[in-house]
Amino acid sequence: MTFRDSVYERARRAGRRIVLPEGTDERVQEAARRLEREGLGVVEVLGRPLPASRIPDLVRHLRARRPDTFPTDAAAAAALQHPLTFGAALVGVGRADVMVGGATFPSGDTIRAALWGVGVASGITTVSGAFEQLADSAVAAARDRRRIVGDEPIVAFLSYSTKGSAAGPRVERVRQALESLARRQPDFAFDGELQTDAALVAHVAVRKAPGSRAAGHANVLVFPDLDSGNIGYKLVQRLGGW
């Protein structure tokens, strides 16, 4: 059984409720058909207009979660006219287990809707940039690696420097993240700062980071900021033909 087959089988057993908010897009419609055809979950595709009968419950949810952002029912109801906000609020009130968005709307809109409707995981206080957030990201990604893949996470903190080969504020931030994570004493292997080749390629790791617990065989990569993370995944997506 391949890794994908294993994930699909677990999804079938779980029977999660999936909301796809960008239902006017043909790619999203095809994704919904495939999810249903494969039996990977119970799919709800949002179109236009959005179902008005659900608005009052979702208004109460948004106002309770973000009273400063939504001081009135009218403000919350207006925000819920955006399908991403509507879908995220469905997850927030327990009417869906997951929302998948970002096919047609910008990343910022998707993140904002998730923060409004669902929020961040327990113990997470930042979204991007600070060294504490990098440590938080490592913990969250390691947990997801175990949950999704089923093996032991090996975490590499990426940088343009490997073990002191360069210096500067950005390198220092990665080192501070490493120190922050070490103080938490996590139950997985991790190391940094590592360049991508040192993190992934064994013979490079032997030369650049001898004795590292993660170099050469990392399976979780923590990018130093949102810019590099976005660039990295887009490169993999497009060069990989996805």
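Of note:
- Count of the stretch 151-177 residues which are under 18 Å from the mean Cα position of the chain (by Cα) and either within 26 Å of residue 5 (Cα to Cα) or acidic (Asp, Glu) (or both): 3
- Screening residue 137 on (1) of a type in the set (Gly, Ala, Ser); (2) on the phi > 0 side of the Ramachandran plot; (3) crowded, with 17+ Cβ neighbours inside 10 Å shows it passes everything except condition (2).
- Unique match (being among the charged types (D, E, K, R) and not assigned by TED's automatic domain parsing to the domain that holds residue 180) among 73, 151: 73
- Looking across the stretch 180-206, the residues that are loosely packed, with under 13 Cβ neighbours inside 10 Å and more than 21 Å from residue 130 (Cβ to Cβ) come down to 187, 202, 203.
- Extreme residue, modelled with the lowest pLDDT, among residues of the stretch 41-82 that are assigned to a helix (DSSP H, G or I) and of a type in the set (Lys, Arg): 54
- Residue, nearest to residue 204 (Cα to Cα), within the stretch 155-174, restricted to residues that are part of a helix (DSSP H, G or I) and in contact (Cβ under 8 Å) with a residue 24 or more places away in the chain: 174
- Hits in the stretch 39-87 - residues which are under 17 Å from residue 22 (Cβ atoms), of a type in the set (A, V, I, L, M, F, W, C) and in contact (Cβ under 8 Å) with a residue 40 or more places away in the chain: 46, 84, 86
- Candidates 177, 166, 218: the one that is surrounded by 12 or more Cβ atoms within 10 Å (Cβ to Cβ), in the same structural domain as residue 137 (by TED's automatic domain parsing) and modelled with pLDDT of 95 or more is 218.
Here's the yes/no breakdown for (1) crowded, with 20+ Cβ neighbours inside 10 Å; (2) under 30 Å from residue 4 (Cβ atoms):
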| residue | (1), (2) |
| --- | --- |
| 29 | no, yes |
| 36 | no, yes |
| 44 | no, yes |
| 55 | no, no |
| 60 | no, no |
| 76 | yes, no |
| 87 | yes, yes |
| 92 | yes, yes |
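- Matching residues in the stretch 185-222 - criterion: being within 22 Å of residue 151 (Cβ to Cβ) and in a strand (DSSP E or B): 189, 190, 191, 192, 194, 220, 221, 222
The values are calculated or read from the model by the stated rules, or taken from the named source; none is laboratory data. Just so it is clear, the model here is predicted, and its values are computed rather than measured. Don't worry about glycine lacking a Cβ; one is built from the backbone with ideal geometry, like all the others, and counts go over all protein chains shown.
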